[in-house]
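Visitor: Dropping the structure in here first, questions after.
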Amino acid sequence: VLFLAYFTLQVIYARRKFKISPPETTGHPEFERIFRAQVNCSEYFPIFVSLLWVAGIFFHQGVAAVCGLLYLYTRFKYFQGYAVAAQGRLGPMYASARLLWLLLGLAVAGLLAHFLLP
């Protein structure tokens, strides 16, 4: 939740810096990149939390926690990279996607083990 608050504050600061009043979402290219980065991170957060929760309960809390911390770090790097240049988001975006797939795999494995094994 602190990451989402940080990203939202960055949008607020960018709005003030470039004098872009809500509900406008266009303007200076730097503002648009910061705004898009915040929206993208917010869109993926429910998926991340759901997968983290299921993987932690049904697979292993420690493994899920490590994946969750790595995911948050890659999203932070994504946000920083996107704020500077659109190409700066690509490496962290791919890394965070791989971590989401890993969490999905852990969640599915945990659910299958829980419901299919005695």
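The values are calculated or read from the model by the stated rules, or taken from the named source; none is laboratory data. Note that the coordinates shown come from a computational prediction; the quantities given were computed from them, not determined experimentally. Here Cβ is always computed from backbone atoms with ideal geometry, including for glycine, and neighbour counts include all displayed protein chains. For the accessible areas, the whole protein counts, side chains as well, though only heavy atoms, and no ligand, DNA or RNA atoms are used. Shrake-Rupley method; radii C 1.70, N 1.55, O 1.52, S 1.80 Å.
Visitor: Provide the per-residue ³J(HN,Hα) series for the stretch 39-54, in order, calculated from phi with Karplus coefficients 6.51, -1.76, 1.60 and θ = phi - 60°, each as a whole number of Hz, with x at glycine and proline positions.
Guide: 5, 4, 5, 5, 5, 8, 4, x, 5, 4, 5, 5, 5, 4, 4, 5
Visitor: Taking the solvent-accessible surface of protein heavy atoms with a 1.4 Å probe, what is the per residue accessible area of the stretch 1-62 in Å²?
Guide: On the way: 4060 Å² over 62 residues.
Spelled out: the 1.4 Å probe surface of the stretch 1-62, per residue, equals 65 Å².
Visitor: If you don't mind, there's one more thing I want to ask. What does the extension gain come out to for T26 and A65, with contour length at 0.36 nm per residue minus their alpha carbon separation?
Guide: Using 0.36 nm per residue and subtracting the Cα-Cα distance, I get 10.4 nm.
Visitor: What's the carbon and sulfur percent of the chain's accessible surface, probe 1.4 angstrom, rounded to a whole number?
Guide: C and S fraction of accessible area: 71 percent.
Visitor: To test your reading of the geometry: what angle, between 0 and 90 degrees and rounded to tens, separates the Cα axis of helix 61-84 from the longest principal axis of the chain?
Guide: Tilt relative to the chain: about 20 degrees.
Visitor: Give the residue from N40, L111, G62 lying farthest towards the positive end of the charge dipole for the stretch 1-112; charges sit on Cβ (+1 for Lys and Arg, -1 for Asp and Glu) and the dipole is referred to the Cα centre.
Guide: N40
Visitor: Then there's this: What does the charge add up to near A37, with Lys and Arg as +1, Asp and Glu as -1, over the other residues with Cβ less than 10 Å from its Cβ?
Guide: +3
Visitor: What does the charge count near F18 come to, summing +1 for each Lys or Arg and -1 for each Asp or Glu among other residues with Cβ under 13 Å from its Cβ?
Guide: +2
Visitor: Charges at C-beta only: +1 for Lys and Arg, -1 for Asp and Glu. How large is the resulting dipole of the stretch 1-112 about its Cα centre, in Debye rounded to 20? Provide the component values of the computation, followed by the final result.
Guide: Details: 10 positive and 4 negative charges, 61 e Å.
I would put it at about 300 debye.
Visitor: What does the charge count around P92 come to, taking other residues whose C-beta lies under 9 Å from its C-beta (Lys +1, Arg +1, Asp -1, Glu -1)?
Guide: Net charge around P92: +3.
Visitor: Here's a follow-up. Under the Kirkwood approximation for Rh and a Cα-based Rg, what ratio Rg/Rh is obtained for the chain?
Guide: 1.10
Visitor: Can you pull the three principal axis extents for the Cα set of the stretch 1-52, in Å, largest first?
Guide: 38, 17, 17
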